[in-house]
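Single-structure report; data block below.
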Amino acid sequence: ISGNTLDGGHNFIVLVASEPNTKIFLKNNGQDLVPGGVTLNNVGDVYEFLSTSDLTGTSVYVDPQTSGCKRFAMFSGTTNSAITAPNGCSGMISSDPLYQQNYPVDSWGTSYGFIPFSSRTPSGALTRTYGNYLRILAKEDNTIVQYNGTQVAVLNSGQFYQTAGPSNIPAYITANKAIAVAQYALSQNCAGGGFGDPDMVILNPIEYNIKNITVYSSN
């Protein structure tokens with residue numbers, strides 16, 4: 001969100017093979033990040049791509065000629081970043097690694113609910129009162145994004161919309177085509193009081209919410 005910190009943070013994409021001889025391409029803005037792609041020879045092989053540039057919107061996919069039916073796991077984040085507020089921060093600015101598993105595009109949805117992270121500590125003190133940033137990423141061209149019923153962006157594949165500032169008000173996010181949504185917590189002394197570290201959570205679309213849950217509680 002705010003770029004890398006001075007202590008050597010990098011953005012990353014991590015790939016993990018679930019099948020042998022899986023060839024994977026990584027592209028950003030039409031450019032190959034790894035010329036010729038990456039081949040993971042064995043189940044469990046791991047490849048990490050590091051960059052000081054923002055990797056949001058990078059397309060990662062198997063080679064259709066050699067690995068069309070093979071699957072892999074993907075994780076992304078930063079090795080160390082701070083997430084600051086537009087009105088600035090005072091005192092200690094915390095920075096941490098951000099690390100999340102990425103959902104395959106087939107599981108993206110068109111409707112998401114945004115609920116800010118808790119603004120109270122267990123003791124009831126105020127914390128993180130400024131709210132959270134959101135990033136909304138498009139799967140296809142001409143994706144129309146609405147935030148609480150108001151159109152905020154028209155995105156092409158790989159482009160994203162980021163809220164101008166953090167929000168502490170719940171919101172309903174919709175699009176005419178599949179999108180991914182990530183929620184970011186602010187760094188300490190940037191978040192509006194109390195302790196708090198930067199964090200990243202990739203949200204689940206409402207279409208995939210579980211509607212029926214059976215709970216068993218023993219003595």
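The values are calculated or read from the model by the stated rules, or taken from the named source; none is laboratory data. Note that this is a predicted model, so its numbers are computed, not measured. Virtual Cβ from ideal backbone geometry, glycine too; neighbours counted across all protein chains shown. Ligands, DNA and RNA are excluded from the accessible area calculation, which covers all protein heavy atoms including side chains. Shrake-Rupley method; radii C 1.70, N 1.55, O 1.52, S 1.80 Å.
Taken about its Cα centre, the chain carries a charge dipole of about 460 debye when Lys and Arg each add +1 at the Cβ and Asp and Glu each add -1 at the Cβ. For the chain, the solvent-accessible area with a 1.4 angstrom probe is 55 square angstrom per residue. Apolar share of the accessible surface for the range 16-143: 51 percent from carbon plus sulfur atoms, 1.4 Å probe.
By accessible area of protein heavy atoms, probe 1.4 Å, what ranking do Cys190, Cys69, Cys89 get, highest first?
Values: Cys190 0, Cys69 125, Cys89 45 Å².
Descending order: Cys69, Cys89, Cys190.
With θ taken as phi - 60° and the Karplus curve 6.51 cos²θ - 1.76 cosθ + 1.60 applied, the whole-hertz 3J(HN,Hα) list for the range 131-146 is x, 9, 7, 10, 10, 10, 10, 8, 8, 10, 5, 6, 8, 8, 9, 10 Hz, x standing for glycine and proline.
Averaging the Cα positions of each part gives two centres, and for the range 21-86 and the range 148-178 these lie 24 Å apart.
A dipole drawn for the chain from +1 and -1 charges on Cβ atoms has a positive end, and of Ser217, Leu15, Ala175 the residue lying farthest that way is Ser217.
Near the amide H of Gln188, within less than 5 Å, lie the amide hydrogens of Ser94, Gly196, all on another chain or at least 5 residues away, with H placed in the peptide plane. If you take all other residues with their beta carbon under 13 Å from the beta carbon of Ala73, and give Lys and Arg +1 and Asp and Glu -1, the sum is -1. Each of Arg71, Arg128, Arg135, Arg120 has its accessible area taken with a 1.4 Å probe; listed largest first, they run Arg71, Arg120, Arg128, Arg135. Length gained on full extension, Ser59 to Val43, computed as 0.36 nm times the residue gap minus the Cα-Cα distance: 3.6 nm. Residue ranking by accessible heavy-atom surface, 1.4 Å probe, largest first, among Glu19, Glu48 comes out as Glu48, Glu19. If the cut-off is 24 Å between C-alpha atoms, which lysines fall inside it for Lys70, apart from same-chain ones fewer than 8 positions away? Reachable lysines: Lys23, Lys27, Lys139.
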